[in-house]
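The values are calculated or read from the model by the stated rules, or taken from the named source; none is laboratory data. Not measured: the values here are computed from a predicted model. Cβ sites come from the backbone with ideal geometry, for glycine too, and all protein chains shown count toward neighbours.
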Amino acid sequence: MKSAVIVFPASNCDRDAATALEQMTGKKAHMVWHQDNALPDVDLVVLPGGFSYGDYLRCGAMANQSKIMGAIKAHAAKGGAVLGICNGFQVLTESGLLPGALMRNAGLKFVCKPVTMSVEETQSAFTRKYDKGQTVTFPVAHGEGNYYADDETLNRLEGEGRVMFRYQDNPNGSARNIAGILNEKRNVMGLMPHPERVVDEALGGSDGRALFQGLIEALS
Amino acid sequence: MNLKMGMTQITPELIREHGLTDGEYARIMKLLGRDANLVELGVFSVMWSEHCSYKSTRAHLKKLPTEAPWVIQGPGENAGVIDIGDGDACIFKMESHNHPSFIEPYQGAATGVGGIMRDVFTMGARPIAMMNALRFGEPDHPKTRHLVSGVVSGIGGYGNCMGVPTVGGEVNFHRSYNGNILVNAMCVGLARTDKIFLSAAKGAGNPVVYVGSKTGRDGIHGATMASAEFDDASEEKRPTVQVGDPFTEKLLLEACLELMATDAIIAIQDMGAAGLTSSSAEMADKGGSGIELDLDKVPQREDDMTAYDMLLSESQERMLAVLKPGREAQARRIFEKWELDFAVIGVTTDTSRFVVKHKGQVVADIPVTALSDEAPVYERPFAYPAPAAGALPAYDRKKPVLASLEKILATPDMASRRWVWEQYDNSVMADTVQRPGGDAAVVRVHGTKKALAITTDVSPRYCQADPKEGGKQAVAEAWRNLTAVGALPLAVTDNLNYGNPQKPHIMGQIVAGIDGIGEACRALDFPVIGGNCSLYNETNGEGILPTPAIGGVGLLKDATKMATVAFKRTSDVVILIGETRGHLGQSIYLREIESREEGAAPPVDLAIEKKNGDFVRGLIASGRVDTVHDLSDGGLLVALAEMAMAGGIGASVGQAEIASAIAFWFGEDQARYLIAAPFAEAEKIVAEARAALIFVAELGKTGGDAITIDDKDSVSLARLKKTHEAWFPRFMAGEEIPLAN
């Protein structure tokens, strides 16, 4: 699997994503500057966590205006895989590649802690290596991860099997405890928790490994 | 020479408004050979402020040990540097942002974090971890909750955006900080030993470049404010608190590291306290050169800024660099890529003068040394403090031990700090192998099996009772915390927070504190490689407890051989290393259970510290022990409860050695550790300790879901954990009137 990690101004989990990808695939990820017009030939594009443009205006809103977003939308339209983590998820909802929005945490504070989630769906390249209903623990680290969409959209997401991860103890007030969702074509996923921080047992867990293993299996 | 603004008459009122004495102004006139103008008066006022010149402490700081074979850079640069092997260097420093944080807690704390990060990355390091030491007033003081909330979110707001994990720190409460909180932030970074950047602007004719944010009017005279006592009108100084923008700092970090990968830089320094003035004057001073600045070229955020405004502004996220001639275009491309301002604003000269032009006129012309070496140094009179009486304070010997434990674990100083840490991203950069809550945080050196252990420590109540012994204890505890995770302690940064040095008893606390720190650092091979003094921490004449915070860094050669506090197995033997005499003077027990802050500080025997610590570290490094906790605030039983709560495994233990149960379980004797190990290993450890003449005792075994003492009294972990975790969130939610100290 060949992968690219997008670097926006003040992305700050770009190195973590690249390290996890290299560890899992044995290949270096391409680091792609947000002002580039084109993507290298890759199977997976990762929009990493961080504070792109300092979260000014709205989280992810300015990053969505970056030049590279055109190429990412074209990659997604062709069926290419896109994974948005944390701020990357916020960019994906701003861009319309995923529905809904991420609002300020219900507790009004930044929250960093391990959260336990259930894997809701395994019909995707992202979750195929998990068992349905399996519980996994990833860390969250965000101030604006409170997922919101109107009831109609939420019902559709649930009905179409596009709610991928659900919090067991909701840390941010997300609607229906949603932690991660998929697009209609099932090739774009966004989630607030950080799978790239749990691929190494020394860091407190390895539940994120199966996510990358699934992608490798599906995209190689 | 036409010195513009020379028309302003320098009156005694103006001199005092600038925080200078008449004697100091006379010295300025002598150095200049004439009257100063207003711009020059402003420049002197910041450069000669306590904050920038260390005029009260410089003579005493010289007594600290600063050298060791592994020290690459000691005090005097933006941060200290140590060699951690394989061509890797660790660069770190701690600095205070006390006064601004009291006036405007969010921005004060945020810019404190931003400032210390710049000190570290200006030397070529990528910051990899942040720590802090925070002191607030008593919980039921009307301002405390607001200050805690603002400071914690400010630290998180800045560090989280930078993508540097905040891995721990201290949070304590005491009424002496009611009007003067302490916010000390520490940054640890990594560089290669052959890529360290210093601030000496050697050579003439080199371009001086300004990069980062534009200059505004914020923070003018921040350094002067930080060098004065507070009173009730201090909140009027809100405009002197700077406003931080971590987004710009993140870009500045990446742009600087990109420029540092080239060989274009001669010298670089961040614009911190006293901004453009101190960065340019210090670079010229260290390089033995002169400097000439043209303020018309400075990127400006506001209209009609005067020379005075620009020279004294403390706008954040700015750097000054001296480049090799001809490398401007290469540097400009990097900063433009990161959408940051870049301007050539001056040149180095061979005149040894600090010359500033504005609108075609020379507005300041001062010998560089007048701003550095010639700054006043005071041998302030001091009264060396007598330690508090050593008699054992009386206490009720019949109080039930476990009820007291439960109460202590829920006091403001001992309750879980989870509410605080969860607002800090502690796992970004994916190298944090030991998170907040242990003895020290541990962060891997990226891509290697090495790791750095980091801690901040001081027990101000000991320093109040005995400033010298308290200084020793702060160093010993930092050393012990690093040892307890398995790291070899390498160096410290000190952040000396005291009251007004013009009062002889306060100056005595400072001198004695430095004596104690120096003695401990020498005995433990733990040199001081940088630091910061924050004096005048007084409000309406009331000083804070002496608080010399120590930031310590140690190295684990193999992070897979690391200890944590959590019990990991049932039936492990719980072993106490170190002698217990039952020292209750100045203890948490006496303060929280008997409501008395009395007695002598616990004595620190540095030879025993070293012997016991080296023994414990050896057990961890050889992979024989993975469960260790140092004994500090609250004593043995509190440490045991913390180990049990962290691991979710209880313990049954019995008293050893001394007669008084309360003194045994809650005494705060130094140089002690608790370790837990399987039976066979434990037997060997006890035998080896005895053979080495180290005090050792087997207290009991792990197991169950309660703490049981002497096979009869018991308290469940669930109950302890509930009360331990509950205090902070309930306090912050305003749910209960908390206990006063």
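Residues are listed down the side, and each one gets a yes or a no for (1) within 24 Å of B:Gln586 (Cβ to Cβ); (2) surrounded by fewer than 21 Cβ atoms within 10 Å (Cβ to Cβ):
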position: B:Ile662; (1), (2): yes, no
position: B:Ala676; (1), (2): no, no
position: B:Ala691; (1), (2): no, yes
position: B:Lys701; (1), (2): no, yes
position: B:Gly734; (1), (2): no, yes
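Checked against the criterion of being modelled with pLDDT of 95 or more and touching an Asp or Glu at 6+ places or on another chain (Cβ under 7 Å), the candidates B:Ala191, B:Ala204 yield just one match: B:Ala204. Inside the stretch A:55-98, residues that are within 19 Å of A:Ala125 (Cβ to Cβ), assigned to a helix (DSSP H, G or I) and within 14 Å of chain B (Cβ to nearest Cβ) make up a count of 1. Candidates are the residues of the stretch A:194-220 that are assigned to a loop (DSSP other than H, G, I, E, B) and within 11 Å of chain B (Cβ to nearest Cβ); the one that is surrounded by the fewest Cβ atoms within 10 Å (Cβ to Cβ) is A:Gly204.
Residue-by-condition table, conditions (1) out of contact with any helix residue (DSSP H, G or I) (no Cβ under 6 Å at 6 or more places or on another chain); (2) assigned to a strand (DSSP E or B); (3) within 18 Å of B:Lys250 (Cα to Cα):
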position	(1), (2), (3)
B:Ile116	yes, no, yes
B:Asp119	yes, no, yes
B:Ile128	yes, yes, yes
B:His141	yes, no, no
B:Val148	yes, no, no
B:Gly157	no, no, yes
B:Val164	yes, no, yes
B:Val167	yes, yes, no
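Filtered by the rule that a residue be modelled with pLDDT of 95 or more and within 8 Å of another protein chain (Cβ to nearest Cβ), the stretch B:431-441 gives B:Asp431, B:Thr432, B:Val433. Checking each residue in the stretch B:628-642 for being touching a Phe, Trp or Tyr at 6+ places or on another chain (Cβ under 9 Å), outside any loop (DSSP other than H, G, I, E, B), farther than 18 Å from B:Thr455 by Cα and touching a residue at least 60 places away in the same chain (Cβ under 8 Å) picks out B:Leu636, B:Leu637, B:Val638, B:Leu640.
How many of the residues in the stretch A:99-113 are over 18 Å from A:Asp55 (Cβ atoms) and either of a type in the set (A, V, I, L, M) or at the interface with another protein chain (Cβ under 9 Å from one of its Cβ atoms) (or both)? Looking only at that region, the number is 1.
One residue stands out in the stretch B:238-263 among those that are more than 14 Å from every other protein chain (Cβ to nearest Cβ), surrounded by fewer than 19 Cβ atoms within 10 Å (Cβ to Cβ) and farther than 19 Å from B:Ile334 by Cα: the one that is modelled with the lowest pLDDT, namely B:Arg238.
Of the residues B:Gly618, B:Gly623, the single one that is over 20 Å from B:Pro436 (Cα atoms), assigned to a helix (DSSP H, G or I) and not hydrophobic (A, V, I, L, M, F, W, C) is B:Gly618. Residues in the stretch B:621-647 that are of a type in the set (D, E, K, R) and within 24 Å of B:Ala680 (Cα to Cα) were compared, and the one that is nearest to the chain's Cα centre (by Cα) is B:Asp630. Every condition in (1) in contact with a Phe, Trp or Tyr (Cβ under 6 Å, 6 or more places away or on another chain); (2) away from every other protein chain (no Cβ under 14 Å); (3) among the polar types (S, T, N, Q) is met by A:Ser52 except one, and the failing one is (2).
Residue pairs whose Cβ atoms lie under 6 Å apart, sitting 6 or more positions apart in sequence or on different chains, and linking a residue in the stretch B:317-342 that is over 23 Å from A:Asp36 (Cβ atoms) and within 14 Å of chain A (Cβ to nearest Cβ) to a partner that is in a strand (DSSP E or B) and of a type outside the set (Val, Ile, Thr), are B:Glu317/B:Gly212. Figure legend. Inter-residue proximity from the stretch B:362-387: first residues under 10 Å from B:Met507 (Cβ atoms), second residues in a loop (DSSP other than H, G, I, E, B), beta-carbon distance below 7 Å, spacing 6+ or different chains. Indicated pairs: B:Tyr378/B:Lys55; B:Tyr378/B:Ser56; B:Arg380/B:Ser56; B:Arg380/B:Pro501; B:Arg380/B:Gln502.
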